[in-house]
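The next block holds one structure in the form of structure tokens; read it before the comments.
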């Protein structure tokens with residue numbers, strides 16, 4: 001099938017029209033919705049770029065992970081669950097697996113929903129499925145968004161709390177349409193805590209933290225992270241001190257952005273594999289990690305000492321940045337996600353979340369450049385695995 005890709009020329013114009021400022025400001029603009037309560041304040045563009053290109057336009061791609069450094073390995077998936085279980089045969093019974101669903105048995109494995117909804121259906125078509133007969137379809141149309149400003153097309157499952165976890169799923173975007181306002185969410189918390197997804201909120205280190213894995217307007221991916229040590233978008237240094245350098249005049253805390261530069265846009269209308277890894281820090285240490293692979297190729301890797309980059313407000317720019325307020329690049333310090341060992345990874349959401357106005361604006365920009373944009377925002381999912389060790393793509 002033909003691979004459809006949104007090209008950078010379209011994307012840059014779309015991004016400018018949406019936020020009008022630098023990348024750090026874009027993070028705030030993505031949260032004006034009920035699931036992430038509150039709308040971002042107006043941004044003072046004078047604190048943004050000084051005639052420079054946005055992050056990723058002039059900076060080199062990140063270096064490959066160092067051997068033995070504890071990071072991702074782009075050289076293959078030797079020893080992974082997929083290698084031990086070709087075709088995912090028997091993978092559900094592996095002791096390292098916390099959750100598995102290939103949708104062949106219909107609903108019943110997720111905590112919610114327990115059946116088809118207005119936006120989620122399990123469909124049977126061997127020609128369309130990644131493997132087997134069945135797959136999950138999420139569809140939100142422009143007519144749906146005209147009737148409801150905010151729509152979350154979401155599955156949810158809680159799994160045993162763990163300190164280190166891998167999530168793997170296969171996904172397909174069959175049509176050319178705007179990507180979700182926010183996408184897949186991963187939540188950590190203590191027993192009884194279930195407040196992930198709240199916007200403009202700094203969670204307690206004793207309660208929990210969460211992050212989204214988002215697909216941006218460039219068809220590239222980023223982590224969008226909330227934790228008790230997160231940075232504010234108010235000041236250039238990430239603090240919220242009135243009168244600071246780059247003071248925006250209002251204190252706000254939206255997800256901190258980690259976007260690897262120089263990504264290849266993901267392909268349209270074919271299945272590809274996403275795997276995400278997260279490690280919670282040891283309490284009192286700053287050794288938490290985030291990483292992701294696309295089709296078993298390492299793309300993002302954030303851990304103590306890697307990559308080298310620059311913080312500016314609420315975004316970490318790999319390789320540094322060219323805005324007037326940017327400081328010299330230094331090695332990433334690692335994540336201090338939690339202050340209590342009772343907080344662990346425990347929930348996974350396939351959450352295609354749409355907001356009427358942002359969807360309409362992105363759609364308008366795409367159509368102005370002659371692209372034929374579908375009225376349906378559709379995402380297909382298959383072969384979901386959550387485990388305590390590297391999964392790898394289904395073979």
**Prompt:** Fewest first, what order do 364, 259, 134 take by the number of other Cβ atoms within 10 Å?
**Reply:** 364, 134, 259
**Asked** In what sequence do 166, 271 fall when counting other Cβ within 10 Å, fewest first?
**Response** 271, 166
**Prompt:** Full extension from residue 328 to residue 146: what is 0.36 nm times the residue separation minus their Cα-Cα distance, to one decimal in nm?
**Reply:** 60.9 nm
**Complete:** Here FRET efficiency (C-beta to C-beta, residue 250 to residue 360, R₀ 35 Å, nearest 0.05) is 0.85
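What order, most packed first, do the peptides 229-236, 195-202, 327-334 have when packing is the mean number of other Cβ atoms within 10 Å of each residue?
Most protected by this proxy first, the peptides run 229-236, 195-202, 327-334.
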**Item:** In range of the label at residue 206: residues from the stretch 298-342 whose backbone nitrogen is under 17 Å from the point 7 Å along Cα→Cβ
**Value:** 337-342
**Complete:** Taking only the alpha-carbon positions of the stretch 272-344 as identical scatterers, the Debye log10 I(q)/I(0) at q = 0.13, 0.16, 0.23, 0.28 Å⁻¹ comes out as -0.46, -0.67, -1.01, -1.13
**Asked** Normalised by the residues of the stretch 247-374, what does the relative contact order come to in percent, with Cα pairs under 8 Å and at least six apart?
**Response** 21
**Fill in**
Rounded to one decimal in nm, the spacing of the 7 Å Cα→Cβ label points at residue 78 and residue 339 is 4.3
**Prompt:** With each label point set 7 Å from Cα along the Cα-Cβ vector, what nm distance links residue 125 and residue 92?
**Reply:** 2.4
**Complete:** Fewest to most Cβ atoms within 10 Å: 193, 183 sort as 193, 183
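Between residue 118 and residue 369, what is 0.36 nm times their sequence separation minus the Cα-Cα distance? Round to one decimal in nm.
So the extension gain works out to 87.2 nm.
None of the figures in this text is laboratory data; all of them are computed from the coordinates on show. Everything quoted here is computed from the prediction, not taken from an experiment. Cβ atoms come from the backbone with ideal geometry, glycine included; neighbour counts cover every protein chain shown.
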